[in-house]
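The numbers here are math on the coordinates, done by the rules we state, and not lab data. Keep in mind that this is a model prediction, so the values were computed, not measured. Cβ: placed from backbone, ideal geometry, glycine included. Neighbour counts: every protein chain shown.
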Amino acid sequence: MEIIQRDWQRPYRIQGWIADSLEFNTVSLSPDELGKVWEMVERHIELGKKTLQMAKQSLEALKGKRMVIPEYLLEYLAEDEEKHNNLLRHLEIIKKGMRPS
C-alpha cells in the first residue's frame, strides 16, 4: 500500500510544479543544459528498457509457481517502467520546442 500511496501522491506534486511554473518562474534551459539533461534522459530510457526486460524474464520464470506477491510486484514494476519510458520518449516534444529556431 505504501508503494501505491506514493504513486498516488505524484500527480499532486506535478500539479504544484505546474502551478509554480505558471505563477512564478517558467522553466528554461540553455542549449548546453538541454544537451546534458538529454544525455541523462537517454541513459534512463536504456536503463528502463533493461529493467523492463528483467522484470518480464522474472515473470516468465515465476509462471505456475503460485508466487502471487512477487508476480504482482513484478507486474507493477513492468507497468511502471513502461509508463516511465513512454513519458521520457514524449520529452522529445519538449526538446524540439526548446531548441532555438
Surrounded by 10 or more Cβ atoms within 10 Å (Cβ to Cβ), touching a residue at least 24 places away in the same chain (Cβ under 8 Å) and either of a type in the set (D, E, K, R) or not in a helix (DSSP H, G or I) (or both): which single residue out of Lys49, Lys83 fits that description? Lys49
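Could you please give the count of residues in region 55-72 that are within 20 Å of the chain's Cα centre (by Cα) and surrounded by 14 or more Cβ atoms within 10 Å (Cβ to Cβ)? So that I can check it myself, show each step before the final result.
Step one: list which residues in region 55-72 are within 20 Å of the chain's Cα centre (by Cα), which gives 55-56, 72.
The next check asks that each one be surrounded by 14 or more Cβ atoms within 10 Å (Cβ to Cβ); those that pass are 55-56.
Result for region 55-72: 2.
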Within region 23-46, restricting attention to residues that are over 13 Å from Glu92 (Cα atoms) and surrounded by 13 or more Cβ atoms within 10 Å (Cβ to Cβ), which residue is nearest to the chain's Cα centre (by Cα)? His44
Residues of region 52-80 being of a type in the set (A, V, I, L, M, F, W, C) and in a helix (DSSP H, G or I), which ones? Leu52, Met54, Ala55, Leu59, Ala61, Leu62, Val68, Ile69, Leu73, Leu74, Leu77, Ala78
